[in-house]
Every structure is written in C-alpha cells, then in structure tokens.
1. Rank Arg322, Arg399 by accessible area, highest first, at a 1.4 Å probe radius?
2. At a Förster distance of 56 Å, what's the computed FRET efficiency of Asp44 paired with Arg222, Cβ-Cβ distance as r, to 0.05?
3. For region 101-138 and region 326-357, write down the distance between their C-alpha centroids in whole Å.
4. For the Cα atoms of the chain, what angle does the longest principal axis make with the long axis of helix 97-109, in degrees from 0 to 90, nearest 10?
5. Under 15 Å Cα to Cα from Lys214, which aspartates and glutamates show up? Leave out anything in the same chain fewer than 8 places away.
6. Mind checking the full-extension length gain between Gln86 and Lys188? Use 0.36 nm per residue of separation minus the Cα-Cα distance, one decimal, nm.
7. Identify all aspartates and glutamates with a Cα-Cα distance to Lys444 below 17 Å; exclude those on the same chain that are fewer than 8 residues away in sequence.
8. Would you please give the FRET efficiency between Gln377 and Ile286, computed as 1/(1 + (r/R0)^6) with r the Cβ-Cβ distance and R0 = 35 Å, to the nearest 0.05?
Amino acid sequence: MRTKEITKPILTKKPRVNVVTLGCSKNTYDSEILMGQLKGNMFDVVHESDKVGKDDIIVINTCGFIDNAKQESIDTILQYSELKEQGKVGKVIVTGCLSERYKPELEAEITNVDAYFGTNDLQNLLTSIGANYKHELIGERLLTTPSHFAYFKIAEGCNRPCSFCAIPLMRGKHLSTPMEDLVKAAEKLAKNGTKELIFIAQDLTYYGLDLYGKRTLDELLRRISDVNGIEWIRLQYAYPSGFPMEILDVMNERDNICKYMDMPLQHISDNMLKSMRRGITKQKTIDIVNAIRDKVPGIAMRTTLITGYPGETERDFEEMQRWVEDTKFDRLGCFTYSHEEKTHAHSLIDDVPEEVKQQRADAIMEIQQEISFEKNQEKIDHTYKVLIDKKDGNFFVGRTEYDSPEVDNEVLIDAAIDYATIGSFVNVKIDTAEDFDLYGHIVK
C-alpha cells in the first residue's frame with residue numbers, strides 16, 4: 001500500500017525593508033509608524049542602514065519643503081535607483097512630501113522606481129510590499145531616536161494661508177488626532193522607557209478646533225502630563241496668530257511641561273507679514289512674545305525667520321535685525337526664502353538675489369550668536385536638570401529643559417571625571433560656556 005507523500009509548504013523569507021528618512025521631525029514620526037506596521041507584519045525592518053542586500057526593499061521618505069530639501073530627496077532617489085539598476089537592492093519605493101507634490105514628474109523622470117506614494121498612502125504602501133495595515137497597531141512605532149525621547153505628532157496638515165508655504169499642498173488640511181488615541185500612544189511610549197515627548201504638528205495651537213469645536217491643546221497637555229513616566233513635554237511649532245494663552249497656565253501648573261516655546265515668526269516688518277499672509281502685525285507679534293515671557297518667567301523662546309522674501313527691502317531687513325537685537329530670543333534659526341511653485345508667493349517676483357538672501361541670513365545668525373553667548377555666560381555657576389542623550393568622544397552630551405534635540409544648545413560633561421547613563425536625568429553645574437555649548441559637572 002502506497003503512503004501518501006506529504007509536502008511541506010515552502011516558506012519564503014520576507015525581504016528586509018530599509019527605511020530612509022529625509023526632512024523634518026514629522027517625517028521621522030511617519031517613518032516610525034511605517035516601521036511599526038512592518039514589524040507587526042513580521043518584516044525585518046531597519047532605518048538608514050549602510051549595508052544593503054540584493055533583495056532589500058528601500059523605502060525613501062522624502063521632503064519637498066524647499067529647494068535644498070527637494071534636491072537632497074532627488075539625489076537620494078537617484079542613488080538607490082542606481083543601486084537597483086546594478087542589482088544591489090531589490091525594490092525602491094518613494095513616499096512622503098516630494099512624491100505627494102511631484103508624483104507625475106518623478107514617474108516620468110526616474111522610471112525604475114517601483115512605486116511612488118504620497119503623504120497619506122500608508123495602507124497602499126504597505127500593500128505594495130506585501131503587508132497589511134493593522135488597526136490594532138495604531139500608536140505602535142519603532143523609534144529612530146534614542147528611546148528616552150520621541151517626537152509626538154498631535155495633528156496632520158495645516159489650514160493657515162501663509163503665502164510662502166507648500167505644506168498644505170503636501171499634507172492637506174489640519175486634522176487633529178483624537179485625544180484618547182494620543183493618551184494611549186503616550187502610555188505605550190512611557191512603558192517602553194520614553195521620558196520626553198516633543199509635541200509636533202504644522203500648527204500645535206490649532207489642535208482640537210476640527211474635532212471639538214475649540215482649541216484644546218491645554219486639555220491635551222494636562223492629560224499627557226498625567227501619564228506616568230513622562231518627565232518632559234516640549235512644544236514645537238506654535239503659531240502666533242490666535243495663540244491660546246491658557247496653555248501657559250498649564251505650563252506653570254505642571255513641572256513636567258518644559259518652559260520652552262518654539263514659535264516660528266518668519267519676519268517682523270508689517271510689509272512682509274502682510275505679504276506673507278501671516279494674519280498678524282508687528283505690534284501684535286511683540287505683544288504676544290512679551291505676554292508669554294511675562295506669564296512664564298524664564299521660558300526659553302525659539303523662533304525661525306526668513307530672509308529674502310519677495311519685495312524685502314534693505315529697510316525691511318534692518319527692521320528685523322533691530323528687532324532680533326532687542327527681543328533676544330533664546331534660540332533662533334534663519335532660512336533663505338525658497339520660491340515654491342503653486343504657493344501664493346510664487347506669483348510675486350523673486351527679486352532678492354540669492355547672495356543677498358544668504359548675506360542677510362548670516363547677519364541675523366551673527367547677531368544671534370552673540371545673544372546666545374551672553375545668555376550662556378549667565379548660566380555659569382547655576383545648576384540645571386539635564387537629560388543625557390549620548391556619549392560622544394570624551395563627553396556625555398545632554399540637554400536642559402530649554403533645549404530641543406539637534407537644533408538647540410547642548411550640555412557637555414567630561415566623561416573622564418563623571419559618569420552618566422544614556423537616557424537618565426542628572427543635575428549639572430555649569431562651569432564654562434560657549435556660543436551654543438555649555439560645559440559642566442554632575443552634582444549630587
């Protein structure tokens with residue numbers, strides 16, 4: 001009697017997925033969500049690995065905000081499409097802001113990319129790889145930052161009409177994430193050892209208007225502040241027009257909400273603010289900055305500015321210079337204007353030469369460098385709570401509550417003298433200070 005032969009199914013190994021992230025912290029967050037979904041589908045997933053394999057799927061999360069970012073994204077796509085041509089990687093998939101904005105052009109120009117997806121195409125992207133979107137994984141992420149801090153996106157898109165900004169074209173209208181989902185996400189992060197949440201959105205202060213009919217960032221802050229294990233909450237990208245002052249009351253009430261406010265103001269000249277469609281005047285801008293500082297003494301205020309916007313005269317620029325000198329922001333970044341198609345400002349003549357734009361940006365940063373040096377000198381002999389981010393060479397490197405990762409000041413501690421655990425809080429007395437760095441020693 002013949003026995004029936006039993007054949008075992010052949011299990012094919014899923015290809016490794018290498019996610020490459022370009023652009024801002026919001027893209028970082030999106031990549032982490034994608035990676036969480038892939039891990040839930042039993043894929044081997046890595047972030048920006050230098051080692052590539054011939055079967056690897058490369059997912060490039062692009063930025064399309066300004067010219068430099070677009071060029072970096074295109075160069076990265078070309079780099080990996082060339083590796084695909086050489087048989088060194090399997091598939092190349094492009095997602096994010098650049099492909100949301102320029103998908104037809106990219107498909108026509110870089111033809112060997114396997115698929116292009118936009119900013120809200122996560123489910124389709126997963127399907128193209130052979131994965132399923134799992135609703136039970138909402139809030140799950142694979143952090144690409146050190147585990148002790150995480151970017152925490154509370155809303156997508158933007159309803160503001162700023163003339164220079166292409167974000168609404170790439171990200172759509174403002175859409176707040178329900179409060180309950182955010183609380184659950186914060187609880188998951190805290191259980192995994194995350195101590196600092198950095199609130200991000202195109203406009204934090206608009207939060208809740210679409211869901212609850214009113215601005216509810218203050219309520220969200222209270223609820224996240226109550227999550228056990230979250231020791232720092234940091235606010236980035238607060239819009240000045242319609243700023244909800246009640247969030248400052250919460251900042252004063254709660255020890256775990258950092259006295260830190262990132263408020264991109266872009267310019268101070270009324271001519272520029274009007275053309276930029278910012279919905280605010282010079283005097284109202286000055287008033288809101290003063291009101292925030294009055295209500296939260298010692299708060300660190302960060303802003304970003306644009307030089308070389310169409311029609312910016314020498315007089316407009318000098319007005320901004322004087323304002324920067326007078327206001328003395330704790331942190332400041334400056335960018336040259338980028339003439340973005342399909343924005344309102346694209347109809348204006350881009351009349352400030354590139355070299356003038358850059359000279360003006362450099363002049364603003366020179367002023368800020370002096371301000372930062374003076375403010376840092378005042379910190380000498382004072383003791384601050386510091387979160388240790390990494391060990392770099394002979395130093396442990398950390399931040400105070402007044403500093404966001406990658407863009408602000410750092411505290412350096414001599415590793416030959418003191419020891420600190422990455423992700424821990426220590427008290428540091430400042431011994432010396434430079435323009436953007438503080439040096440100190442740990443005190444018990």
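The values are calculated or read from the model by the stated rules, or taken from the named source; none is laboratory data. Just so it is clear, the structure is predicted and the values come from calculations on it, not from any experiment. Heads up, the Cβs are rebuilt from the backbone with ideal geometry, glycines too, and the neighbour counts pull from every protein chain shown. Side chains included, ligands, DNA and RNA excluded: accessible areas come from the protein's heavy atoms. Shrake-Rupley method; radii C 1.70, N 1.55, O 1.52, S 1.80 Å.
1. Values: Arg322 120, Arg399 5 Å².
Largest accessible area first, the list is Arg322, Arg399.
2. Working: r = 40 Å, r/R0 = 0.71.
With R0 = 56 Å, the Cβ-Cβ based efficiency is 0.90.
3. So the separation of the two Cα centres works out to 32 Å.
4. Its long axis makes an angle of about 50 degrees.
5. Cα-Cα hits under 15 Å: Asp203, Glu246.
6. Here the segment from Gln86 to Lys188 would lengthen by 32.6 nm.
7. Leaving aside aspartates and glutamates fewer than 8 places away in the same chain, those within reach of Lys444 are Asp381, Asp414, Asp418, Asp431.
8. On the way: r = 26 Å, r/R0 = 0.74.
After rounding to 0.05, the efficiency reads 0.85.
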